[in-house]
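The values are calculated or read from the model by the stated rules, or taken from the named source; none is laboratory data. Keep in mind that what you see is a predicted model, and the values were worked out from it rather than measured. Using ideal geometry, Cβ is built from the backbone for each residue, glycine included, and neighbour counts are taken over all protein chains shown. Note: accessible area is taken over every heavy atom of the protein model, side chains too, but ligands, DNA and RNA are not part of it. Shrake-Rupley method; radii C 1.70, N 1.55, O 1.52, S 1.80 Å.
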Amino acid sequence: MDDQQSQPTDSQAAAPPVVSGLSGNEMYCAALLGLKPGNLLVGNSVFSMGVLGGVRTNVKTTFGGEITAFTDMVQQGRQLSYNRLSNELKQNQGCGIAGVNSQVVFRANVMEFLSVGSALHGAEGTFTTAADGQGLFCQVDAGYQPLSFVFGNVAYSIGLGGHVLGEIRQMGRGEVHSYSNIFNTTRRRALERITADAKAVGANSVIGIETTILPLGNNGVQEMLMIGTASFHPMVSNIFPGRIITSDLTAE
């Protein structure tokens, strides 16, 4: 190869590098769908925890259950960061984001909410998905159209008040009904909220749901978070008309 052939063209030299979070396998799977990798995208929002000072006192005496003020703040923070991630996709002129996740980082007296994912190019319309590149291929191959990353969350206390502690003291062994009720209620509420998000974007299913429980600082409050991909499959509507089906089965 001569020197002229080995030199990049002007257009190649001018093209900015692509910095993607996709692995080689994920890029290969995306290519099978006619998609090319784009840049890693990030959206964030920062909230002060000082506004919740009065809530912390209530947590210490609560019987347990959802702490609405915390739920609302965290939901708003996660949604804002996701909206900004979506705006970055538009700025990068991409068609989709794969591997979307929602994180919380504690910094002194503030909470930073981060939404991160990898842009994709090469198709019409736009979508976001919690699935990685391999999962995305399997999802589409199974007939599901990914629409949007969705989440449902509940911030709650497991109960530091006398009611729950008294129940534990009176028992030698066995089920602690107050705890069972709290966890069952929070799971149902998180599932209802992720389903509502899916319904809002015209989906008939939420697939690949992942559930995590995260401490929100050191105030006795935890968050139950469910994330997944709101999707549409024509067979789901035929079999379960008017319903949204939820599953924690991975796309793969």
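As a test question: what accessible area, to the nearest 10 Å², does ARG107 have when a 1.4 Å probe is rolled over all protein chains in place?
120 Å²
How much FRET efficiency would the formula 1/(1 + (r/R0)^6) give for CYS138 and LEU214, where r is the Cβ-Cβ distance and R0 is 30 Å, rounded to 0.05?
0.60
Using a Förster radius of 30 Å, what is the FRET efficiency between ASP72 and ILE239 based on their Cβ-Cβ separation? Nearest 0.05, please.
Computed FRET efficiency for ASP72 and ILE239 comes out at 0.25.
Where does each of 197-209, 67-79 land if you order them by average Cβ count within 10 Å, highest first?
The peptides rank, most packed first, as 197-209, 67-79.
CYS138 accessible area, nearest 10 Å², 1.4 Å probe?
40 Å²
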